[in-house]
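Here is the structure we will look at.
The values are calculated or read from the model by the stated rules, or taken from the named source; none is laboratory data. Owing to the predicted nature of the structure, the values given are computational and were not obtained by experimental measurement. Quick reminder, even Gly has a Cβ in these numbers, built from the backbone with ideal geometry, and neighbours come from all protein chains shown. The accessibility values were calculated without ligands, DNA or RNA, using every heavy atom of the protein model including side chains. Shrake-Rupley method; radii C 1.70, N 1.55, O 1.52, S 1.80 Å.
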Amino acid sequence: MTNAASPSLAAITPASHTESVSPNQRAWRHFKRNRPALLSALFLLGFLGFILLWPLFSKVDPNAVSDAQFQPPSALHWCGTDVHGRDVFSRIAYGARISLLVGAVGALVSLVIGVGWGAIAGYVGGRVDELMMRFVDILYSLPSIIFVIVLITTLEGLLKGWVARKLGGDIDRFVRLLFLFVGLGAVSWLTMARIVRGQVLSLRTRGFVYASEALGGTHWHILRRHILPNVFGIAIVYLTLTVPSIILYESFLSYLGLGIQPPMASWGSLIAEGAGQLNAIRVYWWLVVFPCIALVCTLLALNFVGDGLRDAYDPREQL
């Protein structure tokens, strides 16, 4: 008498045990379950696509001056017009590209400096680590926004003069944008450096690092192939949290008149222009309310995405 065929191993093994899931895939699955973070990510993607495609479909020049000064929101001007008769909605869409560009480039500058500084300090260790982190502590004690203000006010004139002599034209107006990129990024890398250093200190004593050293791997090879890929997730998390802080810094500097200069515009400069038109006789509320709504919604979405990524890459959440 023959026995019935026994069930195969795949039939009795749960799918969770047969499926190989990478850490990034596991993080993505956890991120999708975070509804606020997922909705914020979709909002940011849609908003980014809108501001990039808006100039292709809009026939309104954001810098075009007209006689329709201080027109309230209407079907023709969705967010009203300003003191020069310019369409506020188009200027908000135009300013969004500048604000997000400053935030993205400044965050990338902080990523490069912070990851490089923290990785070297944590991997080398010893006196080098002590000196590098004491330098970070010194910079932490300085008010970062004051540092950027001093940098702009003292060096901008010299760089503008050099650019005007060497290149000529109107390219010197982009010098302020360059200072915002470098200055805001250069003061936003301190937390990134500390986080990366802590991760590298724990990774450099792992078995796979010792195995690579035994096989003759150089220090650069170990950092590039074994250590930096393992800190990539946490670095991306803090990168998303750095972008809103840099956008907020830029808006504050533009509000003080030290950020983006006309004819360019950012959300901060638009808020500053709108606040300058507030008076006791008549309040042109749309000049302040709509740029503030765009700024607040974007900052909230970026913070939700950053929190979602932080939870997704948390090992305790992936158990």
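Quick notes on this one:
- Meets criteria (more than 24 Å from the chain's Cα centre (by Cα), at pLDDT below 85 and either more than 21 Å from I195 (Cβ to Cβ) or part of a helix (DSSP H, G or I) (or both)) for G122: no
- Exactly one residue among R29, R97 is farther than 30 Å from F181 by Cβ and free of Cβ contacts under 8 Å to residues at least 60 places away in the same chain, and that residue is R29.
- Of the numbered criteria (1) farther than 23 Å from A301 by Cβ; (2) free of Cβ contacts under 8 Å to residues at least 12 places away in the same chain, the one W78 fails is (1).
- Among the residues of segment 98-111, the ones that are surrounded by fewer than 24 Cβ atoms within 10 Å (Cβ to Cβ) and either at pLDDT 90 or above or more than 12 Å from I260 (Cβ to Cβ) (or both) come to 6 in all.
- Members of segment 179-188 found to be open to solvent by less than 50 Å² (accessible area, probe 1.4 Å) and part of a helix (DSSP H, G or I), listed by number: F179, L180, F181, G183, L184, G185, A186
- Restricting segment 113-127 to residues that are more than 17 Å from L139 (Cα to Cα) and touching a helix residue (DSSP H, G or I) at 6+ places or on another chain (Cβ under 8 Å), the residue that is surrounded by the fewest Cβ atoms within 10 Å (Cβ to Cβ) is G125.
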